[in-house]
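The values are calculated or read from the model by the stated rules, or taken from the named source; none is laboratory data. Computed from a predicted structure; not experimentally measured. Glycine also receives a Cβ, built like all others from the backbone with ideal geometry; neighbour counts cover every protein chain displayed.
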């Protein structure tokens with residue numbers, strides 16, 4: 001076995017371990033990694049109203065470095081932040097996938113979808129129609145809604161990545177003008193038969209994104225049954241437990257040792273942050289056990305409360321200064 005094959009096997013073992021997959025699925029994980037690296041499992045990543053944080057967290061994955069992603073080795077055939085192509089050269093890739101991989105490609109949606117005022121608050125690419133701009137005739141912009149009308153019916157499944165895509169998120173706080181709507185609701189309106197899986201968080205953990213992609217591929221190729229989802233259409237294995245249940249400061253909560261003033265600094269702080277707005281008791285995610293930043297830390301671990309970003313409407317429940 002060559003060095004490259006050894007590396008691929010070790011990577012497959014690491015991912016299978018993080019995703020808690022059984023050993024008998026290891027060959028299939030390795031097989032799909034080969035597909036990822038060869039660009040044979042196409043995914044189209046489209047952005048609506050977003051901050052690009054979900055793309056950034058994907059590039060922070062310890063399974064796929066930015067170089068892997070940047071050269072299309074994750075088979076992200078279209079990803080506006082990391083691809084080299086632009087203009088027609090980029091959007092033509094989407095149209096090629098639609099024709100060549102109909103019924104087999106994945107659509108990844110990041111951000112809320114504007115539905116107000118002609119859906120023109122988020123556009124990319126051009127149409128064959130024209131308009132007048134500064135006394136010149138120019139092509140019309142193509143809205144993300146138009147792209148989805150075209151892409152969704154031919155997709156094997158849709159991943160709504162991030163809280164904005166899954167639930168509407170921050171863009172819905174002031175949506176009277178843009179008509180910001182969750183990607184899940186838009187997909188349902190376009191084609192209710194297309195499966196949607198949410199990867200929630202603001203942003204989600206990179207493991208949750210990569211893990212859900214692999215679960216989908218294993219299911220599509222009939223290596224395992226359909227992914228087990230919770231009531232919010234999320235992969236249950238990542239969102240089954242409450243943050244509070246595994247929090248490193250659970251003992252402080254039980255002992256009623258609560259932090260009540262950010263200026264009350266103590267060495268080796270271990271007081272519970274419930275009084276400071278922590279939403280760990282009502283948030284479902286495995287952050288305390290999975291950890292972030294290459295599995296080294298998480299919000300409470302750096303003395304910040306859990307903001308509940310994996311749950312719907314979290315942005316309206318954040319504590320505000322008095």
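Inspection of the range 278-287 identifies at least one residue that is assigned to a helix (DSSP H, G or I), over 23 Å from residue 185 (Cα atoms), assigned by TED's automatic domain parsing to the domain that holds residue 308 and in contact (Cβ under 8 Å) with a residue 60 or more places away in the chain. Annotation: residue 260 fulfils all but one of (1) touching a helix residue (DSSP H, G or I) at 6+ places or on another chain (Cβ under 9 Å); (2) assigned by TED's automatic domain parsing to the domain that holds residue 115; (3) over 20 Å from residue 57 (Cα atoms); the unmet one is (2).
With respect to the conditions (1) modelled with pLDDT of 95 or more; (2) in contact with a strand residue (DSSP E or B) (Cβ under 9 Å, 6 or more places away or on another chain); (3) at negative phi, residue 202 falls short on a single one, namely (2). For the range 177-196, does any single residue satisfy the condition of being closer than 18 Å to residue 42 by Cα, buried (at least 23 other Cβ atoms within 10 Å of the Cβ) and in contact with a strand residue (DSSP E or B) (Cβ under 6 Å, 6 or more places away or on another chain)? Yes, that holds for at least one residue. Note on the range 98-132: among residues that are modelled with pLDDT under 90 and within 22 Å of the chain's Cα centre (by Cα), the one that is nearest to residue 199 (Cα to Cα) is 106.
Restricting the search to the range 289-315, which residues are part of a loop (DSSP other than H, G, I, E, B), within 18 Å of residue 249 (Cβ to Cβ), touching a residue at least 12 places away in the same chain (Cβ under 8 Å) and within 17 Å of the chain's Cα centre (by Cα)?
Residues of the range 289-315 that are part of a loop (DSSP other than H, G, I, E, B), as a first pass: 291, 293-296, 298-299, 303-313.
If we keep only those that are within 18 Å of residue 249 (Cβ to Cβ) too, we end up with 291, 296, 298-299, 303-308.
From the residues that got through so far, the ones that are touching a residue at least 12 places away in the same chain (Cβ under 8 Å) too are 299, 303-308.
Scanning the range 289-315 gives a single hit, 308.
Restricting attention to the range 184-218, the residues that are in a helix (DSSP H, G or I) and within 28 Å of residue 288 (Cα to Cα) add up to 14. Residues in the range 242-258 that are part of a loop (DSSP other than H, G, I, E, B) and touching a strand residue (DSSP E or B) at 6+ places or on another chain (Cβ under 7 Å): 249, 257.
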